[in-house]
1. Being modelled with pLDDT under 90 and open to solvent by 10 Å² or more (accessible area, probe 1.4 Å) is the filter here; which residues of the stretch 563-573 pass it?
2. So which residues in the stretch 470-490 are open to solvent by 20 Å² or more (accessible area, probe 1.4 Å), closer than 28 Å to MET660 by Cβ and in a strand (DSSP E or B), if there are any at all?
3. So which residues in the stretch 310-338 are hydrophobic (A, V, I, L, M, F, W, C), under 30 Å from the mean Cα position of the chain (by Cα) and assigned to a strand (DSSP E or B), if there are any at all?
4. Here are some conditions: (1) at pLDDT 85 or above; (2) closer than 24 Å to VAL522 by Cβ; (3) open to solvent by less than 30 Å² (accessible area, probe 1.4 Å). SER576 meets all but one. Which one does it not meet?
5. From LEU92, LEU78, grab the single residue that is farther than 23 Å from ALA226 by Cα, in a strand (DSSP E or B), out of contact with any Asp or Glu (no Cβ under 8 Å at 6 or more places or on another chain) and at pLDDT 85 or above.
6. Mind checking which pairs have a first residue in the stretch 614-637 that is within 11 Å of ARG396 (Cα to Cα) and a second that is modelled with pLDDT of 65 or more and basic (Lys, Arg), Cβ under 6 Å, 6 or more apart or different chains?
7. Can SER647 be described as under 29 Å from THR71 (Cβ atoms) and modelled with pLDDT of 85 or more?
8. Counting only residues that are more than 25 Å from HIS657 (Cα to Cα) and open to solvent by less than 70 Å² (accessible area, probe 1.4 Å), how many does the stretch 506-535 have?
Amino acid sequence: MPLGHFGDLGILGVPSARFFDTSRIAAGSVIADGYARDFFTVQMAPMVAATVTRETRRPTGDATRRPAEVTLDLRLRLLPETRRWPAVAIGLRDLDGGRFGAEYVVASKRFGPFDLATGLGWGRLGEAAQMANPLGLVSTHFVDHRPQVQDQDPWNAWFTGADVGLFAGLAYRTPLSGLTAALAYGSDRNQGDAQVGARPVHSLPIDLGLSYRPWSWLDLGLGYEAGRLWSGRVALIATPGQLDGLRAVGPVPVRLGRFRPARPHSLGLLLTIPGVTVHGYHVHKHTATLRVDLRGDTLGSSAQTTRIMGHLLRSLAHLAPPDVEELVLLVSTRGLKGLRVAVLRTDLVAAATGRGSIEELWHNAEIQSVAGFPDLPNGGFRDRSPFSSQPILTFRQSLGDRLGQPIFRATFDQTVQATLGLGFLIGGTIRSELGSTLLGQDGGFPAPFDAVRSDEAAYAVQSSAIPRLHRAYVAWLHSPAVGVHTKVMVGYLEEMFAGLDTSLLVRPPWASWAGALQIARVVKRVPGPSLAIYSGTGRTTGFLTAYRDWPARRLNGRLAVGRFLGGDLGISAGLSHHADGGVRLAGTVTVSDRGQFGRAARGLRDPAVTAGLRLTIPIGRLGFLTDTAQLEIGVEPLARDRGQRLSDPLPLYSVSHPLMPSRLSRTWRHLID
């Protein structure tokens, strides 16, 4: 199935029930007379796909470019295709409720080289109005008048309208490899575009097209729309798991053929690895023990953490005395404990040199979770600095703000942390503003007593000239029992809020689930270089969160219920995929009511349902003391009040990843990469 005009697997402008393989991404552009559309599609899970589009329209004969509109689309697979029955999917276009807002149910079935898609459309896809809305039999709510532009709650307009449209598409896989011909009958009449002068109403809703995929990663298309418009498409398709060359830290090869005792300072120099701090080294009889702290939230994927553990064990095997038979690695992470990994030296040497197998190494290894570690001498070597830093470059784009041009913000953060011992650490972040369009979005800055994040422009403006303090905090992390972790953090927690944040995480070592409780009491910070706070702006926020891992698919789900920063109650659901190279794709949907704080009372638009996507890519080590640098690209709401949570620099769930023996077991094959 070729790519469609909206970045999904479709037939020109008609959607289908086809999906990519899990974690596949596609990015490209569609250009036609009157508009240009960029898209980015992510297959979040086997049944869930998301697409972000950015369209810029220019009416024919007019040299003026209209403001771009950014939208988020979701598709859910309801039924897979069988020999007898078609695949069925449900889709939502433009979740934020704008000009492209549409919903649909579509079925797809293959017949030899032909692939047929047909379905019902609401909203933009219901403009053909060929039959009455069948959901009117369920409730009169669905046949009420559908507003052209939704205001506070766009989800109230989903699948509404007196009539629906019928659409169909047919794709033919030609004998020429990679070439597909397409014919589509659309139910979108472009009435919304005609009102703004971008495109005329379609009088002939027939589209023709060709799609050519010379390689699996390149998709090219040519279309003729409604008997009057030519369009072209180019897209790149990839799987983040294949981008393993972007992994943050490549293990340093260690020769294992010769064994010689380590000089006092040799081990410390060899183990200077980004994301790793050495706390102790001790040899007792035939056992060599190394205690390290892994900053798991900066290492990337679980596979990357396993590579680093393998590097540490091979380094220990290379430098320990010849009579050592057992190698023990004690792993903590930012003060949380702990994981004990013990392997036989002969098994490790054999697996690393090809004379043995990784399976035999696993069979004889001992992996267990422990609540505490013995104190180890440092062996006389010079430990690396307790300081660590990580640069983060972030680009964020809003989801089609109807109050003006879509909001964009780019920042550069330099984070610094220092371990003090006994579970205490201090941290801070300096933020530099690289550019934004926040200023003037809502006609001025709201009062801090009313705002949650709708005054984000004030903070961006104050930090645009010179770097400013984004965070400064003291944290204490502790593991009172196996699988139980706690955190207490106080200070300037993020750009807009300061206060006290407490968390409790219950995460059984071999389980695929976890539960967390977070409660925070915060006040609003004053924009600018000062460290002042607004009195009278105190508020309490808290969430009960459930986590679930699907190891085989490298997926993680999250469902949180609680009170947001604005006093609004609601739920937040997230789904993320972690590739071996550390690339992460995450999507979030939030639903909340109207809270105590916020701009809804002032009549400005702040929908109850929001959604966002974020792509995180590790881009290597950029400095002497830096951990892995990150590039983050997000399409998510900016300057909103409802559904807002604290930005946590030390989320316990992410921090505790290296302590999970279940994750190590799943990635054990990477131990000798």
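1. Selection gives GLY567 alone.
2. Of the stretch 470-490, the ones open to solvent by 20 Å² or more (accessible area, probe 1.4 Å) are 471-472, 474, 476, 478, 480-482, 484, 486, 488, 490.
Filter again for closer than 28 Å to MET660 by Cβ, leaving 471, 474, 476, 478, 480-482, 484, 486, 488, 490.
Residues satisfying the conditions are ARG471, VAL474, TRP476, HIS478, PRO480, ALA481, VAL484, THR486, VAL488, VAL490.
3. As a first pass, look at the stretch 310-338 and keep what is hydrophobic (A, V, I, L, M, F, W, C): 312-313, 316-317, 319-320, 324, 327-331, 336.
Among the residues that remain, those that are also under 30 Å from the mean Cα position of the chain (by Cα) are: 312, 331, 336.
Scanning the stretch 310-338 gives VAL331, LEU336.
4. Exception for SER576: condition (2).
5. Details: LEU92 fails: out of contact with any Asp or Glu (no Cβ under 8 Å at 6 or more places or on another chain).
Checking each option against the conditions leaves just LEU78.
6. Listed by first residue and then by second, the contacts come to GLY634/ARG396; GLY634/ARG614.
7. On the way: under 29 Å from THR71 (Cβ atoms): yes; modelled with pLDDT of 85 or more: yes.
Criteria met by SER647.
8. Taking the stretch 506-535 and keeping what is more than 25 Å from HIS657 (Cα to Cα), we get 521-535.
So of that shortlist, the ones also open to solvent by less than 70 Å² (accessible area, probe 1.4 Å) come out as 522-528, 530, 532, 534.
Number satisfying all stated conditions: 10.
The values are calculated or read from the model by the stated rules, or taken from the named source; none is laboratory data. As the structure is a computational prediction, the values presented were derived from the model and not from experiment. Cβ sites come from the backbone with ideal geometry, for glycine too, and all protein chains shown count toward neighbours. The area values use the complete protein model at the heavy-atom level, side chains included, leaving out ligands, DNA and RNA. Shrake-Rupley method; radii C 1.70, N 1.55, O 1.52, S 1.80 Å.
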